[in-house]
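The values are calculated or read from the model by the stated rules, or taken from the named source; none is laboratory data. Keep in mind that what you see is a predicted model, and the values were worked out from it rather than measured. Heads up, the Cβs are rebuilt from the backbone with ideal geometry, glycines too, and the neighbour counts pull from every protein chain shown. The area values use the complete protein model at the heavy-atom level, side chains included, leaving out ligands, DNA and RNA. Shrake-Rupley method; radii C 1.70, N 1.55, O 1.52, S 1.80 Å.
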Amino acid sequence: MAISNNLWKNEPIICLTFDTDWASEDALKRSYRIIEEYGFDSTFFITHKSNYLLELYSKGKIDAGIHPNFLKNSSHGKSVNEIIDNCLKILPETKSFRCHNYYDTNEITELMFSRGLLYDSNLCTLLQMVEPFIHRSGLIRFPIFLEDGAYLLHNKNLVFKNVQKYLFNDNGLMIINIHPMHLALNTPTFNYMRRIKDNLKRDNWNKLTDADLKYLSYDGIGIRRFIIELFEFIKKEQIKVMNLHDIYESVIN
């Protein structure tokens, strides 16, 4: 099998993906409303049963893959097979995944491929455009160009106009990874989100209401403002936005 790069050889292509990470329904609704406002296609990697996202998926409004957690004390299960089983119960027809924390082993990738998963986006770079490639397991891997958490971790500039010239003006495939809770809370620093998560139990995190999110949200320059300015730039420059499934189909045909 050969992977074609003709899609982005002569123009930039952006793929917007979201790691749900047990975000509350209100946080997920906030994220999708922003996407809907701009009319962008998107792919959500789902950790848990979200009636809201599953309805959007069933109506063809979003693309979706599973987001299994293979770390210790995972709510998805105790073994690799059990975790995969439980995630596929949520999205039995999906062909894509991204692991929580990008956890990766040969056992996992080989099992995923044997279970009918065909591609992933389970490798995160720091602002590097890396071509999709065929993994040893047989999976096609689509590396991430920009992740909001990594961007915050490395204290990158949150004023979009200061970085747009050297981040988003080249031809190539740029996969963006956004976390709905970062978007909802307008996270200004990596530790800001860490403090909130450390002070909430898992169930409380998953039940944060719109009022809770407004109370906890940072009122200043944060990642939400950066992402919305990125979306404005994409719209203004008429950059093509595709979901991950459509990109996968284009590179194998």
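General remarks:
- Only one of LEU152, LEU126, LEU146, LEU139 that is modelled with pLDDT of 95 or more and within 24 Å of PRO92 (Cα to Cα): LEU139
- When ILE13 is tested against (1) open to solvent by less than 50 Å² (accessible area, probe 1.4 Å); (2) more than 25 Å from LEU139 (Cβ to Cβ), just one condition goes unmet, and that condition is (2).
- Odd one out for TYR32, checked against (1) over 30 Å from GLU232 (Cβ atoms); (2) at pLDDT 95 or above: (1)
- Boolean, LYS95 is of a type in the set (Lys, Arg) and farther than 23 Å from ILE140 by Cα: no
- Qualifying residue in the stretch 159-166 (condition: in a helix (DSSP H, G or I), of a type outside the set (Asp, Glu) and open to solvent by less than 10 Å² (accessible area, probe 1.4 Å)): yes
- Residue match in the stretch 155-167 (condition: charged (D, E, K, R), at pLDDT 95 or above and closer than 23 Å to GLU25 by Cβ): no
- ILE66 open to solvent by less than 50 Å² (accessible area, probe 1.4 Å), among the aliphatic types (A, V, I, L, M) and closer than 16 Å to GLN238 by Cα: no
- Count - residues of the stretch 179-211 that are farther than 14 Å from LEU152 by Cβ, in contact with a helix residue (DSSP H, G or I) (Cβ under 8 Å, 6 or more places away or on another chain) and assigned to a helix (DSSP H, G or I): 4
- Count - residues of the stretch 82-96 that are within 21 Å of GLU55 (Cβ to Cβ), touching a helix residue (DSSP H, G or I) at 6+ places or on another chain (Cβ under 8 Å) and either at pLDDT below 95 or not basic (Lys, Arg) (or both): 4
- Residue list for the stretch 159-177, filter: touching a residue at least 12 places away in the same chain (Cβ under 8 Å) and not polar (S, T, N, Q): VAL159, PHE160, LYS161, LEU167, PHE168, ASP170, GLY172, LEU173, MET174, ILE175, ILE176
- The stretch 222-253, subset within 22 Å of ALA23 (Cα to Cα) and open to solvent by 50 Å² or more (accessible area, probe 1.4 Å), residue farthest from the chain's Cα centre (by Cα): ARG225
- Of the set (1) out of contact with any Ser or Thr (no Cβ under 7 Å at 6 or more places or on another chain); (2) of a type outside the set (Lys, Arg); (3) part of a strand (DSSP E or B), all apply to GLY77 but (3).
- Looking only at residues of the stretch 212-244 that are charged (D, E, K, R) and not in a helix (DSSP H, G or I), we find that the one that is farthest from GLU147 (Cα to Cα) is ASP219.
- Pick from the stretch 82-124, criterion open to solvent by less than 10 Å² (accessible area, probe 1.4 Å) and part of a helix (DSSP H, G or I), ranking: farthest from GLU249 (Cα to Cα): ILE83
- Residues being within 17 Å of CYS15 (Cβ to Cβ) and either without any contact (Cβ under 8 Å) to a residue 12 or more places away in the chain or open to solvent by 20 Å² or more (accessible area, probe 1.4 Å) (or both) - total across the stretch 41-56: 1
- Of HIS154, HIS182, all but one fail to be open to solvent by 10 Å² or more (accessible area, probe 1.4 Å), touching a residue at least 12 places away in the same chain (Cβ under 8 Å) and within 23 Å of SER74 (Cβ to Cβ); the exception is HIS182.
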